[in-house]
Structure formats: structure tokens, C-alpha cells
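Written out below as C-alpha cells is the structure these notes cover.
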Amino acid sequence: MSQEIEFQYKEILKEYTKKQTEQNLYVGQNFSRQLILENIAPEEVISMHKAAIQELYGELPDVVWHSFDFLIEMMINYGLALQERQSLLKQQEELKVEMDLAANVQETLLKTKLPILEGLDIGLLSIPARKMNGDYIYFVSDHDGYAGVAVADVIGKGLPAALCMSMIKFGMDSLNSSHALPKDVLGVINRIVEKSVDDSMFVSMFYSNYDAKQARLTYGSAGHEPAILYRAKDKEFSELFAKGLLLGVSPVAVYEEHTVDLEKGDLVIMMTDGVTEGRNDEGFIEREVIYELIERKKKEPAQTIVQYVYDELERMQSAQFQDDFTLVIYKKV
Amino acid sequence: MNIQVDLTESNNVLEGFVRGEIDAHTAPVLREKLETYQSHQGLKAELDLSDVNYMDSTGLGVFVAFYKSVNANGGHVKLKGLSARLKRLFDITGLGDIMDIESVGKGGN
């Protein structure tokens, strides 16, 4: 500890012992903040105090000096606790920096380009509830009138989930075809995920392939929230259900696939459970509510519908989404 | 948001009651309690979920991990008392086909 500090302390103490005013006390309070900034441990402050008293009022009973020595011993563990806290704060700061870096990497990884397909209007919104997104959306397009889209939800959040997404991406990139069939895509990624992740991490995924020429959607699901089909002609919603186990549970899982032909005004709504599992004070937000929201805006462009659903659900949940939100709408035009 | 997990084991038979909500906040509690038993050889586990009023995919993950581990050790897991909402979750994820589940109103009571 510098002599300068010891000297200042002594002066401040002297003033206070002379006159116990608010002002003199305030000077001491400010000084203690400076001591903390300079990493001076509590036991050192007491040593300093003892030395200052000795200089200022040399003759005091021995019991006073002994009591200071005892107090110094008592404070040593407080000093250690303070050091520990400071090193935790530093670690926390480092973790935050790493988390930001990881989120940046994820953002790059998550980048996907909306395909341009004849007669199909696509709307997309994917918003993480926290820093890292547990939802994944990826388009595969060769500009040949076909496009594949994967909508996935990694169960298990945070960094491990983000790493898991890279497996999905590379699985799809390795197939490298917008013609690939859902049952094959899901089968390949299932084997990759099953080999690579621990027992409590899984992925649900909906995969569909769209053939623009025939306006035909072929879809399959690995334990994912069913997509919804809106038929403009009947003004009715129905679920596009396809049997299939979550990815990563069993290496021998097989995946069904089905097809549906779209007509003008039809909508296909693909999403994660962050859309359907919304809750507010009154309970769950039922699927019918989402149907109603979509129906209200069905004449609008797909992106407008998607944004409207998000805004309304956000309002209903007082702006507090508990889960990542991903919504894709295909609109046949 | 809260959860209550009561597990009692005797002669390698594990009886459990779970109450409350199983989500990202409460799932670690359930996972930790189940992990105590999952490596027992030939464990027969029966978990009653009739008082679980909410479960999300994180909760599902806990049950699947438990199921995989118990199965790998020659045991069996049964989940019973599933509400319609929970049953749907197991059906959508395909887990209903591989796990032994029983919804409210069927069998048992």
C-alpha cells in the first residue's frame, strides 16, 4: 500500500476524530470507495487504521492494540472472499464475450437464403428468446424450380444446441440437392445426430420439398410440430401430419413422407413449438387463435402474415416469449 | 413455476409422482432426481404424470434420456396419467410408439 494512501487515511481520520461532522464522514466514505478500486483488502485497512492511531495518539492501553491485531486476523477471510468475487466478475465478463462470439458464429451458420420459386410467396421469421437460437431454419435451392426447407428445434438450449445445428447444416449440405426427398434427408440427419449427441439432446425437424412446376409439396417429420395447410377453396385449416421419431433417439428410425398439391391462395404454415406453445395469464394460447390470426391476413403477402402473427402473439404474452419463435409461410400465388 | 418430484424405490421398482410444470426451469430438478436411479440394472419405473399441467420439449428430453438409460440397463419405463396435451406431445414426437405410455381414461383406474 502506498504511503500516500496511508497519509491520506491518517489525515481523514484525524479530521473526523476532531469533529464528527457529516462532511468529515462523507470524505471517509468516498475514500473507502477509492480503497476498493485500488484492491486494498479489509485487513490492510485495519492495519492502516492501527498505524494511524498509533501515530496520532501513541499512548493507549495494550488491550486496544491487541484488539486491532485480533480484528486483522478476523478480516483475512473477508479479504479472500472479496478477491474471489473479483475473479468471478472477471470470469463472467470473459464468458459473456465468448457467448457473444458464439452467437455471432451461430448467426453466420444460420444464414439462409430464401429461394425464388415460380408461383410461391415465402414469409419467414425466426427470433430467439435468449441470445442463442434453439430453432434452425435452412433452405436448399438450386434455382431449378425445386426447393427444400428444414425447420428444426433443438431440444436442449444454449451452446450445445448451437453446435448441434452445425450437424444439421452439414447433413443437408452433404446431400446437396433441392430434389432430395424428406424421408432420405431425415434418415441421414437422424444417423448423424444419433451418433454425435448425448442422451438428453434431440432434434425435432420438419422437412419439405417443393416442386414449383407442379405446385407439389412433399413433406416428412421427425417428431416435429405438424405443419398446417390452409385451403383457400374450403377456408379450412388442417394438420400435415407425418409419422416419424425425433432425430437422435434411435438409429433405425424410418420416416414417412406425404405429398399435397397446392392451389391458388393455399397456405402452408411451418413452425416450431415456440409458436404453438404460447402461454399467458389465462392459460395456453390455443391453435385456433393462430388459425384466426392467419385467416385475418390471408390476402396479404406471406411476410406480412408472418409478422402479424408474431406481433399479435407477442402482445398476447405481454411481449414475453418463453421459447424461440420460428414461423415460415408458403403462399401459393 | 414449480415442480414436485416424489420418487420411492424398493426391490428395484421405482414409483414416482411428478406434479407441476416441466419446462426449461424445472426440468433440471427432475433430471437430477431420475439420474439417481437410471443406471440400476433391470429397474422397473412407473411415473405418474397426472398432476403435470404443462410440459415442453425440455421435459420430454428428460424422459427420453431416462428411458434410453433404463432400457440400456435392461429395465422398463412406464409413464401414466398423461393428459390429452401431454399425450399429443408424445404422439407428435413419435415417442408414443416406442415408450410405454398410458393416458388418462385408459387402462388402470
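A few points about this structure:
- Residue selection: residue A:277 fails the criterion of being closer than 21 Å to residue A:329 by Cβ, within 11 Å of chain B (Cβ to nearest Cβ) and exposed (fewer than 15 other Cβ atoms within 10 Å of the Cβ).
- Within segment A:216-228, tally of residues that are in contact (Cβ under 8 Å) with a residue 40 or more places away in the chain and surrounded by 16 or more Cβ atoms within 10 Å (Cβ to Cβ): 7
- Residues of segment A:150-168 that are away from every other protein chain (no Cβ under 14 Å) and surrounded by fewer than 17 Cβ atoms within 10 Å (Cβ to Cβ): A:159, A:166.
- Unmet criterion (only one of (1) in contact with a Gly (Cβ under 6 Å, 6 or more places away or on another chain); (2) assigned to a strand (DSSP E or B)) for residue A:153: (1)
- Extreme residue, surrounded by the most Cβ atoms within 10 Å (Cβ to Cβ), among residues of segment A:291-308 that are without any contact (Cβ under 8 Å) to a residue 60 or more places away in the chain and in a helix (DSSP H, G or I): A:293
- Sole residue being touching a residue at least 60 places away in the same chain (Cβ under 8 Å) and surrounded by 13 or more Cβ atoms within 10 Å (Cβ to Cβ), chosen from A:117, A:110, A:82: A:117
- So residue A:223, is it within 18 Å of residue A:165 (Cβ to Cβ), in contact with a Leu (Cβ under 7 Å, 6 or more places away or on another chain) and at pLDDT 90 or above: yes
- Segment A:245-259, subset buried (at least 21 other Cβ atoms within 10 Å of the Cβ) and either of a type in the set (Phe, Trp, Tyr) or over 27 Å from the mean Cα position of the chain (by Cα) (or both), residue farthest from the other protein chains (Cβ to nearest Cβ): A:255
The values are calculated or read from the model by the stated rules, or taken from the named source; none is laboratory data. Treat the numbers as computed from the prediction; the structure is a model and nothing was measured. Counting neighbours? That spans all protein chains shown, and the Cβs are built from the backbone with ideal geometry, glycine included.
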